Amino acid sequence: MKWLVYGARPLYTAEIAEIVARCGDTFVGAVDNMETEDQGASAESSWLSISDLANERINFDSVVLSAGPPGIRKILRDELRELNIDRYENLIDPTATVASSARISSGVSMNAHVVVGAEAALEEFVQINRSSSVGHHSRLSTFVTLGPGVTVASSVSLGAGVFVGAGATILPHVTIGANATVGAGAVVIEDVPAFAVVVGHPARIARTDTHGYLGYTV
Ligand SMILES: CC(C)(COP(=O)(O)OP(=O)(O)OC[C@H]1O[C@@H](n2cnc3c(N)ncnc32)[C@H](O)[C@@H]1OP(=O)(O)O)[C@@H](O)C(=O)NCCC(=O)NCCS
């Protein structure tokens, strides 16, 4: 399988290249249409141009949308639709453990040591960072992003575009509305409305008036 990163950011692109290598697959490179000047130049040699992509001069099987914020990944997906590019396999690190009864849509990425429980459902473009777990019967809607070390307990529902910060815990049966943000380290014990930001232990609503994580709505 040949993987292309779209919407490159150097550091996360390097992480994706590592996952691809662990899978024994081929990392073709990254099409960079985002601001990268201030993020170091470590992956510069693999930058590819949008015109090469548009003119079918790049040989790849599947795209990974690299950016973390859910709403930015949606913008990237929409840009590729304009180019009639719609090739999304699931990129799952070989150290991840995914229950055979879990339902994984397409364009999902999982970094090292992720665990997904029985009957869990992950919709398109969900991104799960390293060492996070998703409990049985939990549902992660489209473009949900889990930072590193997140624990999503059982029967949790995360709406489209929810962003969960590093190390947060979501208790069983909690529902989090679309485009809400969970701060790093929060322990969420009750439902969260759409577009809210919650922080702390137990989590409290810090704001309700956002447009989604970093201002981008899914
Ligand atoms: C929750 C979050 C999105 C809020 O960001 P923000 O809108 O810029 O908010 P601010 O930094 O202005 O903080 C607002 C208030 O919440 C508090 N706060 C922010 N994040 C917090 C957190 N994770 N836990 C507890 N309190 C937090 C701040 O101390 C501040 O309190 P104050 O109003 O009493 O001074 C952000 O702090 C966060 O936790 N992001 C997660 C990042 C992450 O884990 N990324 C993983 C990728 S590797």
Tell me which of these Gly107 doesn't satisfy, since it passes every other one: (1) touching a residue at least 12 places away in the same chain (Cβ under 8 Å); (2) not in a loop (DSSP other than H, G, I, E, B). (2)
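Of the residues Tyr6, Tyr88, Tyr12, only one is buried (at least 21 other Cβ atoms within 10 Å of the Cβ), among the hydroxyl-bearing types (Ser, Thr, Tyr) and at pLDDT 90 or above; which? Give the steps one after another, and end with the answer.
Values: Tyr88 fails: buried (at least 21 other Cβ atoms within 10 Å of the Cβ); Tyr12 fails: at pLDDT 90 or above.
Exactly one residue qualifies, and that residue is Tyr6.
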Residue hits (the range 193-207; more than 20 Å from the chain's Cα centre (by Cα) and either away from the ligand (no atom under 12 Å from the Cβ) or surrounded by 19 or more Cβ atoms within 10 Å (Cβ to Cβ) (or both)) are Pro193, Ala203
Criterion: on the phi < 0 side of the Ramachandran plot and in contact with a Gly (Cβ under 7 Å, 6 or more places away or on another chain) - qualifying residue of Val174, Val156: Val156
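Determine which member of the set Val126, Val134 is at pLDDT 95 or above, over 21 Å from Tyr88 (Cα atoms) and crowded, with 22+ Cβ neighbours inside 10 Å. Even if it seems obvious, please write down each step before you answer.
Values: Val126 fails: over 21 Å from Tyr88 (Cα atoms).
Only one candidate qualifies: Val134.
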Would you point out the residue of the range 67-113, among those that are farther than 24 Å from Leu214 by Cβ and of a type in the set (D, E, K, R), that is nearest to the ligand (Cβ to nearest atom)? Asp93
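Could you tell me which residue of the range 157-177 is nearest to Pro69 (Cα to Cα), considering only residues that are away from the ligand (no atom under 16 Å from the Cβ) and within 15 Å of the chain's Cα centre (by Cα)?
Looking only at the range 157-177, we keep the residues that are away from the ligand (no atom under 16 Å from the Cβ), and these are 157, 159-160, 171-175.
Imposing the further condition that a residue be within 15 Å of the chain's Cα centre (by Cα) reduces the set to 159-160.
Working: Gly159: 14, Ala160: 12 Å.
By that ranking, first place goes to Ala160.
Can Gly183 be described as within 8 Å of the ligand (Cβ to nearest atom) and either of a type outside the set (Val, Ile, Thr) or surrounded by fewer than 19 Cβ atoms within 10 Å (Cβ to Cβ) (or both)? If you could, list the steps in order and put the result at the bottom.
Details: within 8 Å of the ligand (Cβ to nearest atom): yes; either of a type outside the set (Val, Ile, Thr) or surrounded by fewer than 19 Cβ atoms within 10 Å (Cβ to Cβ) (or both): yes.
Considered against the rule, which asks whether it is within 8 Å of the ligand (Cβ to nearest atom) and either of a type outside the set (Val, Ile, Thr) or surrounded by fewer than 19 Cβ atoms within 10 Å (Cβ to Cβ) (or both), Gly183 comes out as yes.
The values are calculated or read from the model by the stated rules, or taken from the named source; none is laboratory data. Keep in mind that what you see is a predicted model, and the values were worked out from it rather than measured. All Cβ positions, even for glycine, are placed from backbone atoms using ideal geometry, and neighbour counts span all protein chains on display.
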